[in-house]
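Structure, as structure tokens:
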Amino acid sequence: MSVRSDQAAPAPGVCPHYPFADRPGISLAPEYAGLFADEPLVPVQLPNGRQALLVTKYEDVKTVLADPRFSREAWRNGTLFARDSSTLALVTSDAPTHTRRRRAVQHWFTHRSAERARPRIAAIAARLVDDIAAAESTVDLISAFTTPLPYQVICELLGIPVDDLELLLPRVTVMMSAGRFPADEVAAAHEAMYEYFFGQLAARERAVAAGEAGDDLLTGLLTAPEESRLSTQEIAVFGFGLLMAGGETTASHLAMCVLQLLRRPTLAEALRRDPAGIPAFIEEMLRWVWFAGTGGQPHVALAEVELAGTVIGAGQVVVPLTDAANRDPEVFAGSEEFRPDRTPNPHLGLGHGRHMCLGAAHARVELQEGMAAILPHVGRMELAVDESQLDWRSRMFMRGLWTLPVRWRGGETGS
């Protein structure tokens, strides 16, 4: 478990428990940023008692994420409740399994497919914002806007009813636990999600047999050529993995973007006047936001590898910190400054190498269209509570806010 929230960042040379204490705020806590700037490899003790090294520098983090000598699959601690190797999520599997699964689904997530989806994503965002603008009282932007936008997009892609989100989202929250919910509750949520997706796949198999196949992603995977087809179990795991990872990450990040603009009204006005600046703003937020609630995905070295001038022995556990890498001053000039027009911006906010976010292109479109829809209204919004009272997520895989309550200044709504 984490150290207490009132403890300071560990001093160099001390082997603290990791993840470190939770801190409120959008960006990486200054004391942690300072530690990572000074130490390329930080010894820590993980929740299961295993010793590990935090990898903090940009090039070293890229090496861990891309080099096959580092394995995610070798790190087995039951966190994702995989039944066996066939039920490992895409994000935690290694080649050749990872390669085969990713190849089977990647044509659904190309830049071209994301751009084809842009008008529909923009329409969903506009409708949600219209509902917010019509509200006469305090609105939680997370439940009313940043969460339904990506989840509705994913539901349409998967071909599952949007109304089922009422059932699915509470399970997703529990499944994203990193100690917040009891282990038996997390396991039960996983089993319920398996059951739901197996039911969805069975319905599609019946539709295909009846000559009534749909054009959704789940049907496409079920009817793929036999030589490249995933098993039914693999498709189910991919389906709820996409629902979880694609929805939670974008929902949380979009909320951080809105909060940043509420804190910087001058920036919000500049982007409203010139929406062409939205993509660069989004990219800087992907660099800037302190995102990983658990720090990063542990990897196990399968052979000797040199990192930061140190030989990492086979069996050593390392945790690549993309949040720290995104502050590396050797890569990002003024790394501790938020620069909404930063270019170039080779951040690792969406991963790198073989584990680069599968839905990166779609996530960018959702974030861009979400910001374009909400921007005309941000100038009339204000936080409905003091920022110190915002409820930050803790002991979850992804950081962020539980709610983002806003109200209209002077009771005004609209653009």
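The values are calculated or read from the model by the stated rules, or taken from the named source; none is laboratory data. Note that the structure is a prediction, hence the values are computed from the model and not measured. Here the Cβ positions follow ideal geometry from the backbone for every residue, glycine too, while neighbour counts run over all protein chains shown. The protein model used for the area step is the full one, side chains on, heavy atoms only, and it has no ligands, DNA or RNA in it. Shrake-Rupley method; radii C 1.70, N 1.55, O 1.52, S 1.80 Å.
Do the sum for the chain: with -39,500 (n - 2.57) for every DSSP H run of n ≥ 4, divided by all residues, what is the mean residue ellipticity at 222 nm, to the nearest 500 deg cm²/dmol?
Counting only the DSSP helices, I get -14000 deg cm²/dmol.
If you place +1 on the Cβ of every Lys and Arg, -1 on the Cβ of every Asp and Glu, and leave all else neutral, what size is the dipole of the range 108-209 about its Cα centre, to the nearest 20 Debye?
Taking the Cα centre of the range 108-209 as origin, the dipole is about 560 debye.
Just going by the charge dipole of the range 166-282, with Lys and Arg at +1 and Asp and Glu at -1 on Cβ, which of Gly220, Leu261, Ser231 is farthest out on the positive end?
Checked the options; the winner is Leu261.
Here are some values of Rg/Rh (Cα atoms, Kirkwood Rh): (i) 1.02; (ii) 0.96; (iii) 1.05. Which one was computed from this structure?
The calculated read-out lines up with (ii).
So, for the chain, what is the accessible surface per residue at a probe of 1.4 Å, expressed in square angstrom?
Per-residue value: 44 Å².
Multiply the residue separation of Ala37 and Arg100 by 0.36 nm, subtract the distance between their alpha-carbon atoms, and state the gained length in nm to one decimal.
Stretched out fully, the Ala37 to Arg100 stretch lengthens by 19.0 nm.
Quickly work out the Val385-to-Trp108 label distance, labels modelled 7 Å from Cα along the C-beta direction, and quote it in nm with one decimal.
It is 3.7 nm.
Relative contact order of the chain, please, whole-number percent, based on alpha carbon pairs below 8 angstrom and at least 6 residues apart.
It comes to 26 percent, rounded to a whole number.
Going through the DSSP H helices of the chain, which span 18 Å or more along their own axis at the Cα atoms while scoring at least -1.0 as a mean Kyte-Doolittle hydropathy?
Membrane-span-like by this rule: 111-133, 183-209, 232-263, 360-378.
At 1.4 Å probe size, with the rest of the protein present, what percent of the exposed accessible area of the range 141-188 is carbon and sulfur atoms?
57
Any chance you could run the full-extension gain for Ala303 through Arg395? It's 0.36 nm times the residue separation minus the Cα-Cα distance, nm to one decimal.
Using 0.36 nm per residue and subtracting the Cα-Cα distance, I get 29.9 nm.
Between Glu227 and Glu185, 0.36 nm times their residue separation minus their Cα-Cα distance comes to what?
Fully extending the segment from Glu227 to Glu185 adds 11.4 nm.
Obtain the nm distance between the two label points defined at Ala74 and Glu212 by a simple spin-label model: each point lies 7 Å from its Cα along the Cα-to-C-beta direction.
According to this spin-label approximation, the distance is 5.1 nm.
Could you state how much accessible area Glu191 has, in square angstrom rounded to the nearest 10, with a 1.4 Å probe and all protein chains kept in place?
Taking all protein chains as shown, Glu191 has close to 90 Å².
Carbon and sulfur atoms: what percent of the 1.4 Å accessible area of the range 287-356 do they account for?
Result for the range 287-356: 51 percent of the exposed heavy-atom area is carbon or sulfur.
Modelling each spin label as a point 7 Å along the Cα-to-Cβ direction, I'd like the Arg273/Glu195 distance in nm, to one decimal.
Placing both labels 7 Å beyond Cα along the Cβ direction yields 5.7 nm.
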